[in-house]
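Right, one structure below, let's go through it.
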Amino acid sequence: MRAVLGIRRWRRNPVCRDTDRHEARVALAALLLVLLAAPAVGWTTGSLADEAFRRSAVTQQKQRHLTAAVVVRTASGASRFAQDPDSAVTEEPLRRSVLARWAAPDGTPRTATVWTASSKSAPGTLIRIWTDQRGMPVTRPMDTSTAHTHAVLAGIGAALLAVGATEAARRIVVWRMRQQRYARIDRAWAEVGPDWGRTGTGS
């Protein structure tokens with residue numbers, strides 16, 4: 001930031017090196033990218049992600065259905081599926097893993113281990129689970145608010161990534177410029193150094 005603010009002051013400064021001016025211009029370019037390009041990247045990414053997540057949510061809501069299932073017994077293993085409508089908002093200790101049986105849309109019997117937040121999980125208890133069009137257990141469909149939240153997070157992440165990439169590029173460019181400057185100083189010193197301090201000595 002100091003380099004950017006110093007561009008105007010350094011423009012007519014006789015002791016200012018060209019490399020200082022170049023570094024200030026690089027800093028200014030990086031600042032403009034952070035202020036203009038990064039928000040644009042975040043907004044574009046968020047908009048595209050929002051559209052994609054909304055389509056996915058609509059598709060899931062059409063293809064996933066609540067199905068009545070019968071508890072066979074309490075299961076000791078963990079389920080891969082978070083099922084009945086109340087499970088997603090219920091604390092983990094209050095959810096139970098049960099072996100349940102239900103019928104697919106074509107009448108095929110299905111059995112799987114699922115989560116339930118029902119206070120009753122005795123054998124024979126009816127619970128509701130989410131299934132797909134084939135009757136296989138799935139997670140609950142994404143709702144619109146969740147889709148929007150994911151899109152916002154994606155946009156923020158893209159903007160932060162753009163800022164980080166811009167700063168990394170600025171540091172690399174400045175580092176390279178300084179390396180070149182040091183190399184020029186080393187070459188100049190190699191030419192002048194052997195005669196340093198011997199001016200007028202006749203040697």
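Quick one: how many residues across the stretch 111-132 are outside any loop (DSSP other than H, G, I, E, B) and without any contact (Cβ under 8 Å) to a residue 40 or more places away in the chain?
Going residue by residue through the stretch 111-132, those that are outside any loop (DSSP other than H, G, I, E, B) are 111-116, 126-131.
Then drop every residue that is not without any contact (Cβ under 8 Å) to a residue 40 or more places away in the chain, which leaves 111-113, 115.
Qualifying residue count for the region: 4.
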Please state which one of Thr113, Thr44, Thr90 is surrounded by 15 or more Cβ atoms within 10 Å (Cβ to Cβ) and modelled with pLDDT of 85 or more.
Thr113
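The values are calculated or read from the model by the stated rules, or taken from the named source; none is laboratory data. Remember, it's a predicted structure, so these values are computed and weren't measured experimentally. All Cβ positions, even for glycine, are placed from backbone atoms using ideal geometry, and neighbour counts span all protein chains on display.
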